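Read the structure below first, then the notes.
The values are calculated or read from the model by the stated rules, or taken from the named source; none is laboratory data. Computed from a prediction, not measured in an experiment: that's the story for all the values here. For neighbour counting, all protein chains shown are included, and Cβ atoms are generated from backbone atoms with ideal geometry for every residue, glycine included. For accessibility, only protein heavy atoms count, side chains too; no ligands or nucleic acids. Shrake-Rupley method; radii C 1.70, N 1.55, O 1.52, S 1.80 Å.
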Amino acid sequence: MLSVNNLAARIDEKEILRGISLDVPAGQVHAIMGPNGSGKSTLGYVLAGHEGYEVTGGSVTFGGADLLAMEPEERAAAGLFLAFQAPLELPGVNNANFLRTALNAVRRARGEAELDAVGFLRLARTESKRLHMPDDMLKRNVNVGFSGGEKKRNEVLQMAILRPKLAVLDETDSGLDIDALRIVADGVNALRSPEFSALVITHHQRLLDHLVPDRVHVLSRGRIVRSGGPELARELEANGYAGVVADAA
Amino acid sequence: MPAATETIDTVQSLTQSGYKWGFETDIEMDIAPKGLTADTVRMISAKKEEPEWLLDWRLAAFAAWEAMVEPNWAKVGYPKIDYQDIHYYAAPKRPAPKSLDDVDPELLAMYEKLGIPLKERAALAGVEGAGMEGVIGSGNPNIAIDAVFDSVSVATTFRETLAKSGVIFCPISEAVREHPELVRKYLGTVVPVSDNYFAALNSAVFTDGSFVYIPKGVRCPMELSTYFRINAKNSGQFERTLIIADDGAQVSYLEGCTAPMRDENQLHAAVVELVAFDDAQIKYSTVQNWYPGDANGRGGIYNFVTKRAACRGARSKVSWTQVETGSAITWKYPSCVLQGEGSVGEFYSVAVTNNRQQADTGTKMIHIGKNTRSTIVSKGISAGRSDNTYRGLVRILPKASGARNHTQCDSLLIGDQCGAHTVPYIESRNPTAKVEHEATTSKIADDQLFYCRSRGLSEEDAVGLIVNGFCKEVLKELPMEFAVEAQKLLAVSLEGSVG
Ligand SMILES: Nc1ncnc2c1ncn2[C@@H]1O[C@H](COP(=O)(O)OP(=O)(O)O)[C@@H](O)[C@H]1O
Ligand SMILES: [Mg+2]
């Protein structure tokens, strides 16, 4: 599904990703862990096509296509989704309208029929109920005045509606209480299928208890310094990053 | 279809220049020689077969104009206008049509192309008129249209239907002949001939425009609208609109405007006067889409307009809503003189500037009567290398006890080479009055656009959503069918402003 080869990227002359290689086969969930500032969010942005980051080396294929050659909206249409660590606020833009416009843009690009207002609302209500979101969240402006937890849930709602092939979740669990955490995990699990993969950036074993990753990768200073099975996350939870990062240094 | 989707379609259907109303119509014209003297004024008056009182009125205005100097306080810059290098009269040669059937087919075709079929469609046939883009009122069975082409009105629809309820809706030149007592009683009483340089010029040389009279207690049965089109080269357009709503009358009126793309600048100096008596309500909406000039600031309309409403009656209400996307220069301050006790003035404005456009626009609310109220909501959007200024005056006179004003002034910047300026003047001479002013400036952040794009929206789509969200409070004041058009127009105007 996703294949990252020796990816390097910088911002403002500062090297942040320094040769990342990673394969996420279809149907698998991989976790990315690592200390603050190691480049986890940057990896998500570069995969989604943020123009502030300059790719200086390496390649990425997504479903066989050259991901780095695509515009951000083309990546979305191809089935990539990034749940932002800090979702942006869009004052004046109604959440339901935003989602419907996005969904229909993606459906058009995929050659599928657009959803009318009624069809969309039915879908949005079902999904938002499943995520235990308050009813008025669809009517409010995108992320404006949302609590931290509501913003994260709104990201998961967008993911549920856009139905990506690969979801990159950037600390979507941070700042959530235990119930909210379970809801987010359920949101991801609901999409699980042999065609769906996820790259889950997290600091917490708690989320991985619900998601059970196939692989865990530890990122440090722009490189993957260790990869392993689900037991690696438990080891990190117990001992912290220091040992792993020091080993690699 | 969601607005943003339609917007995309519109944007994609555009030519590279962006402005698709810019074609020229080849029609045999009767054009006066360039230049402006008292004889030009006499010539225009004679062409229109006007009574002597009106000629005298024009000549007084001309004398006033000659003694005035062009104002320069607005934040707009442009080369000196040579008033002797303009044609002051341009009209199609064919004699004035008596009915819609007599209108020159070339003209009908042009309006059809603009999306404004000048037909009185049967209510059911209205559904086929959905193809209108970026202009107003076409194909809608519930809208009566007066079409002004250069210096003259070429057609007015639904006049008989309106006459049944006593509403007069006709070209002002015709009103001068058919309803002289009304025109004489009100013309120039809201905007006096010597009010300002451009109003004086207009009073001297105005050629056509719309006249509306709504009798006592009548609620106008349909939307009225005027569509202004400048076509002739090196000509100015000086239209004059007069709307009178008698006691308890109600009317909603909309104007739209387009012009061909030309390298030279063209002058448009209009005057609009509104009079509202006791309990009367006038809703005046504008979708201004004059040619804005090209990306380098070549060509475009100079739009110097005086619009004012006199709320003479108790509890009368005038609401100005404007969506200003066109013109190289916009100089325009639709105002309300709130004389009647408890009268209400509203101003809702969206002004978009892109490329090298300059807009200096706002309103004046003059509170004279007790318990008068006014609301100002201004949304300025600047992109490219444009300049966008809100200039507003709220004046509370000593007798206006209990007067209230609320002003909300928001600016949105796209890119970092444009300017947004807010110049509010507040003068309160009554201690019981309450005046509130709020202002914000924000920018469309690259990260907001990236967030939208990561969800599958194109950049234009994303800007459209954010801009429409920003203008929501104003767009909702427009009559429904126009709000959709205005949304599209906003997106089209901002095309190429990001990326
Ligand atoms: N816009 C930026 N300008 C300069 N440095 C940045 C920018 N964004 C991120 N960085 C730097 O890149 C490094 C990686 O950041 P990030 O990818 O956010 O890390 P993580 O998500 O792992 O905490 C950090 O040192 C951060 O300060
Ligand atoms: Mg991060």
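Remarks
- Count of residues meeting criterion [over 28 Å from A:Lys14 (Cα atoms) and of a type in the set (Val, Ile, Thr)] in the stretch A:222-237: 0
- Residues of the stretch A:12-39 that turn out to be within 16 Å of ligand 2 (Cβ to nearest atom) and touching a Gly at 6+ places or on another chain (Cβ under 6 Å), as a count: 3
- Hits in the stretch A:166-187 (condition: within 10 Å of the chain's Cα centre (by Cα) and away from ligand 1 (no atom under 16 Å from the Cβ)): A:Leu166, A:Ala167
- Unique match (being in contact (Cβ under 8 Å) with a residue 24 or more places away in the chain and either farther than 13 Å from A:Gly34 by Cβ or outside any strand (DSSP E or B) (or both)) among A:Leu208, A:Leu219: A:Leu208
- From the list A:Leu99, A:Leu88, A:Leu17, the lone residue that is surrounded by 23 or more Cβ atoms within 10 Å (Cβ to Cβ), within 14 Å of chain B (Cβ to nearest Cβ) and among the hydrophobic types (A, V, I, L, M, F, W, C) is A:Leu99.
- Any hit, the stretch B:474-489, residues being at pLDDT below 90, at the interface with chain A (Cβ under 10 Å from one of its Cβ atoms) and buried (at least 17 other Cβ atoms within 10 Å of the Cβ): no
- Taken together, A:Ala96, A:Ala113, A:Ala86 contain a single residue that is assigned to a helix (DSSP H, G or I) and small (Gly, Ala, Ser), which is A:Ala96.
- Just so you know, in the stretch B:445-473 the residues that are within 7 Å of another protein chain (Cβ to nearest Cβ) and under 20 Å from B:Trp320 (Cβ atoms) include one that is surrounded by the most Cβ atoms within 10 Å (Cβ to Cβ), and it is B:Phe470.
- Boolean, B:Pro334 is within 25 Å of B:Leu475 (Cβ to Cβ) and at pLDDT below 90: no
- Every pair of residues 6+ apart whose Cβ atoms lie under 6 Å, when the first sits in the stretch A:142-171 and is assigned to a loop (DSSP other than H, G, I, E, B) while the second is within 16 Å of ligand 2 (Cβ to nearest atom): A:Asn143/A:Pro87; A:Asn143/A:Lys151; A:Glu171/A:Gln85; A:Glu171/A:Ile201
- Filter result for B:Ser442 (farther than 25 Å from A:Leu103 by Cα, open to solvent by 20 Å² or more (accessible area, probe 1.4 Å) and within 11 Å of another protein chain (Cβ to nearest Cβ)): yes
- Filter result for A:Ala8 (away from ligand 2 (no atom under 16 Å from the Cβ), surrounded by 15 or more Cβ atoms within 10 Å (Cβ to Cβ) and among the hydrophobic types (A, V, I, L, M, F, W, C)): yes
- Residues that are away from ligand 2 (no atom under 14 Å from the Cβ), farther than 22 Å from B:Ser458 by Cα and not small (Gly, Ala, Ser), drawn from the stretch A:40-59: A:Thr56
- B:Ile368 meets all of the listed conditions (1) open to solvent by less than 10 Å² (accessible area, probe 1.4 Å); (2) modelled with pLDDT of 90 or more; (3) in contact with a strand residue (DSSP E or B) (Cβ under 7 Å, 6 or more places away or on another chain) but one, namely (1).
- Candidate set: the stretch A:6-32, residues that are away from ligand 1 (no atom under 14 Å from the Cβ) and not in a loop (DSSP other than H, G, I, E, B); chosen: the one nearest to A:Glu237 (Cα to Cα): A:His30
- Total residues in the stretch A:33-62 satisfying the condition of being surrounded by 15 or more Cβ atoms within 10 Å (Cβ to Cβ), outside any helix (DSSP H, G or I), within 9 Å of ligand 1 (Cβ to nearest atom) and within 14 Å of chain B (Cβ to nearest Cβ): the figure is 1.
- Tally, over the stretch A:63-82, of residues that are away from ligand 1 (no atom under 16 Å from the Cβ), in a strand (DSSP E or B) and within 14 Å of chain B (Cβ to nearest Cβ): 2
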